[in-house]
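Novice: Handing you this structure, nothing more for now.
Nothing in this text is a laboratory measurement; each read-out follows from the coordinates by a stated rule. Small disclaimer: the values here were computed from a predicted structure and weren't measured. As a convention, Cβ positions derive from the backbone with ideal geometry for all residues, glycine included, and neighbour counts pool all protein chains shown.
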Amino acid sequence: MARLHICRAAIQGEKKKALKKEKPGALLDLIEGAEAKKSDETVAKLLADYEASLDASDPVAPFCAALKGGDVKRGKEIFTTHAAGQCAKCYKVNGDGGVAGPELTGIGSKQDHEYLLASLVDPSSVVVPGYGMMMVTLKNGESIGGALLEETAEKVVLKIPDPDDSNQQIEKTIAMSEIETRQPPVSAMSPMGYILTKAEIRDLVAYLVSLKETNGKKGH
């Protein structure tokens, strides 16, 4: 009964007070517990009110309860072995892993929970230079697509295939004055909200936060 009261208080906007004595991240456990009791009309209405209070325009909002309170050990296991997530196949930590994504060694020393959660559930919102694809249309009608390396008020730098050698890539600098339109960079990473549960995402955030900088090495 006490935990149901806490859950109701949290959903009604008093979660900071209600969860003061709970461990960090308890909100997700409480919400998931309440979801199991959705046959109770009162609980169902409170959950609906909570969901309605979230910013519908923010893709990260539905995952805010997964921000803290995860288990680092479980998060590491998800990172290294989850068949669908396949994080370790694309990202390297302490010398192990793939190279399709940016280096994550020490990422927890540079980025906070909010950034890391967003990078998992809305990856195109936090694209690291060199790992997001951008399409640029020039004023002469030419279209150029490539990995965005740099973007300033004066120029865009893309990594594109070498027209003289398809096995090589080159950097192409394009002046902003030459650009008619450009699309925001898009991450090749799939949003993890479609692949992992919220509890798994919470554990993965905890693991990434635990990756502190050592020997001068750090992630993006």
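Novice: Going highest first, how would you order 82-88, 65-71, 29-35 by mean Cβ packing within 10 Å?
Specialist: On the way: 82-88: 15.7, 65-71: 22.1, 29-35: 17.3.
In descending order of packing, they fall as 65-71, 29-35, 82-88.
Novice: A follow-up question, please. What value, in deg cm²/dmol to 500, does the helix sum -39500 (n - 2.57) over DSSP H runs of n ≥ 4 give at 222 nm once divided by the residues of the chain?
Specialist: Values: 9 runs with 75 residues, N = 220.
Helix-only estimate at 222 nm: -9500 deg cm²/dmol.
Novice: Here's a follow-up. Report the label-to-label distance for Asp49 and Ala61 in nanometres (one decimal), using points 7 Å from each Cα along the Cα→Cβ vector.
Specialist: Going by the 7 Å Cα→Cβ label model, 1.7 nm.
Novice: Expressed as a rounded percentage, what relative contact order does segment 27-157 have, with Cα pairs under 8 Å and six or more residues apart? Intermediate results must be reported in sequence, preceding the final value.
Specialist: On the way: 118 pairs, mean separation 16.1, N = 131.
It rounds to 12 percent for segment 27-157.
Novice: Report the relative contact order of the chain, percent, no decimals, based on alpha-carbon pairs under 8 angstrom and at least 6 residues apart.
Specialist: On the way: 378 pairs, mean separation 52.8, N = 220.
Over the chain, the number comes to 24 percent.
Novice: Of the listed pairs Lys68/Lys110; Lys89/Lys139; Lys38/Lys68; Lys139/Lys172; Lys37/Lys198; Lys89/Lys155, which have alpha-carbon separations greater than 28 Å here? Display every interim value, and only then the final one.
Specialist: Working: Lys68/Lys110 17 Å; Lys89/Lys139 39 Å; Lys38/Lys68 24 Å; Lys139/Lys172 16 Å; Lys37/Lys198 18 Å; Lys89/Lys155 33 Å.
Distance filter (> 28 Å) returns Lys89/Lys139; Lys89/Lys155.
Novice: Once phi is turned into ³J(HN,Hα) by the Karplus curve 6.51 cos²θ - 1.76 cosθ + 1.60 with θ = phi - 60°, what whole-Hz value does each residue of segment 184-198 show in order, with x for glycine and proline?
Specialist: Working through the residues one at a time gives x, x, 10, 7, 7, 6, 6, x, 5, x, 8, 10, 10, 6, 5 Hz.
Novice: At q = 0.13, 0.14, 0.20, 0.29 Å⁻¹, what log₁₀ I(q)/I(0) does a Debye calculation on the Cα points of segment 132-187 give, no solvent, two decimals?
Specialist: Normalising to I(0) and taking log10 leaves -0.29, -0.34, -0.68, -1.24.
Novice: Set the Förster distance to 22 Å, then compute FRET efficiency between Val186 and Ala36 from the Cβ-Cβ distance, nearest 0.05. Kindly include the intermediate steps, with their values, before the conclusion.
Specialist: Working: r = 37 Å, r/R0 = 1.66.
For Val186 and Ala36, the calculated efficiency is 0.05.
Novice: Please report the orientation-averaged projected area of the chain, defined via the convex hull of its C-alpha atoms, in nm².
Specialist: Details: hull surface 63.9 nm².
So the mean shadow area of the Cα hull is 16.0 nm².
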